[in-house]
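The values are calculated or read from the model by the stated rules, or taken from the named source; none is laboratory data. A quick note: this is a predicted structure, and the numbers were derived from the prediction, not measured. Neighbour counts run over all protein chains shown; Cβ positions are idealised from the backbone, glycine included.
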Amino acid sequence: MKRIEVWADMVCTWAHVGRRRLVTAGFGEDVEVVWRPYQLDPTAPRGQDHDATTPVTGPTWGATSQPNTFDAHRVIAVALDRGGPALQDAVVGRILDAHFTEGADLGDPAVLASLAADAGLDGVAEALAAGEGTEQVRHQLLRGKALGISTSPTFVAGDRAVTGAQSPEVLRDLVRQAAPGRDLPEEVTRLRHTESLLDARDPLGALEMLRPLLDEHGDDPTVALLAARAYFGSAQLGRARQVLEALVERAPGDHYARFLLGRTLERANRPEEALPHLRLAAAMSAEPGYADAVRRVERRGAA
């Protein structure tokens, strides 16, 4: 069975349009549609703190409020967990329709529970109160960022993706032409996503993505080095130094770990301790950044 993942926010007009076009595409039972979270404004107030009177005007459906949608995504995650893609899609459809055609307030947990019940998902009020779906949504938001998702909606099938409310024909072509994704072990996927989050300058997100591996495989050099990079990037210099010193002791020839240890000590205002590590790294590798760091710290010492 093929899968199409739809990364979308429930207050996005084009997500509403996109779902209608998904239905029109008529994939049949050999394609499952799974909805993933995306937030247009993750800083919007949650719960009853938002101003439900502030309008956002859509092209067809009139004025609606635009609250934080984290809890709506939790409901959608619960629907997938309890009833699979079919129930999840029914819940998504009811939430989108209610928001855009009825002006439903998606920041109100009671409203979300009622809409979910309309679609056949009961017990949502209790699930929200118990925190159900929170970790799933946080993980998927990080996963989306690691995958480079930056638009609502984004449709992903295998190794292909299209953005925006595409036509049914484009969506059918997306699924038909997509090569099956590689079924990698979860550990490998988390490592790759952590790398992507670090590249995206989200060290705290990288740490959250890496956390299960740190708990189980914290001594693995690859995991430890990624953690050190995340600690360094988030200015947790004491933790970065501790991890890097252990790595350098185990593998004295690891020039990057030694360089990062030097940079950590430099940022911690300990240039005399940083310089030997930076010089060793530069001696082991011709990486230009290494020599630049040596010169920078040497000038600082001369001053």
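Take the conditions (1) crowded, with 20+ Cβ neighbours inside 10 Å; (2) assigned to a helix (DSSP H, G or I); residue 165 misses just one of them, which is (2).
Go through region 64-129 and tell me which helices (runs of 4 or more DSSP H), entirely inside it, have 2 or more residues that are closer than 18 Å to residue 35 by Cα, assigned by TED's automatic domain parsing to the domain that holds residue 9 and out of contact with any helix residue (DSSP H, G or I) (no Cβ under 9 Å at 6 or more places or on another chain). Steps first, answer last, please.
Working: elements: 70-102, 109-118, 124-129.
Per the criteria, 70-102.
Scanning region 171-188 for residues that are over 15 Å from residue 209 (Cβ atoms), of a type in the set (D, E, K, R) and either outside any loop (DSSP other than H, G, I, E, B) or touching a residue at least 12 places away in the same chain (Cβ under 8 Å) (or both) yields 172, 173, 176.
Take the residues in region 1-30 that are hydrophobic (A, V, I, L, M, F, W, C), surrounded by 15 or more Cβ atoms within 10 Å (Cβ to Cβ) and more than 24 Å from the chain's Cα centre (by Cα); name whichever of them is nearest to residue 168 (Cα to Cα). Give the derivation first.
Residues of region 1-30 hydrophobic (A, V, I, L, M, F, W, C): 1, 4, 6-8, 10-12, 14-15, 17, 22-23, 25, 27.
If we keep only those that are surrounded by 15 or more Cβ atoms within 10 Å (Cβ to Cβ) as well, we get 4, 6-8, 10-12, 14-15, 17, 22, 25, 27.
From what's left, more than 24 Å from the chain's Cα centre (by Cα): 25, 27.
Values: 25: 4, 27: 10 Å.
Once the filter is applied, the top-ranked residue is 25.
Where helices (runs of 4 or more DSSP H) fall wholly inside region 203-303, the ranges with 2 or more residues that are farther than 30 Å from residue 144 by Cβ and under 34 Å from the mean Cα position of the chain (by Cα) are 237-250, 255-267, 271-284, 288-302. Going by the structure shown, is residue 273 over 20 Å from residue 204 (Cβ atoms), modelled with pLDDT under 95 and assigned by TED's automatic domain parsing to the domain that holds residue 198? Spelling it out, it is not the case that residue 273 is over 20 Å from residue 204 (Cβ atoms), modelled with pLDDT under 95 and assigned by TED's automatic domain parsing to the domain that holds residue 198. In the set (1) at pLDDT 95 or above; (2) under 30 Å from residue 32 (Cα atoms), residue 255 fails one condition alone, (2). When residue 60 is tested against the conditions (1) closer than 17 Å to residue 19 by Cα; (2) modelled with pLDDT of 95 or more; (3) polar (S, T, N, Q), the lone failure is (2).
Residues in region 175-199 that are touching a Lys or Arg at 6+ places or on another chain (Cβ under 7 Å) and at pLDDT 95 or above were compared, and the one that is nearest to residue 157 (Cα to Cα) is 193.
What about residue 191, is it surrounded by 13 or more Cβ atoms within 10 Å (Cβ to Cβ), over 30 Å from residue 4 (Cα atoms) and either touching a residue at least 60 places away in the same chain (Cβ under 8 Å) or not hydroxyl-bearing (Ser, Thr, Tyr) (or both)? Here the answer is no, as residue 191 does not meet what is asked. Scanning region 273-303 for residues that are closer than 17 Å to residue 238 by Cα and not small (Gly, Ala, Ser) yields 273, 277. The C-beta contact set for region 219-237 (first residue farther than 23 Å from residue 269 by Cβ, second residue assigned to a loop (DSSP other than H, G, I, E, B), distance under 9 angstrom, 6+ apart or interchain) comprises 221/251; 221/254; 224/218; 225/254.
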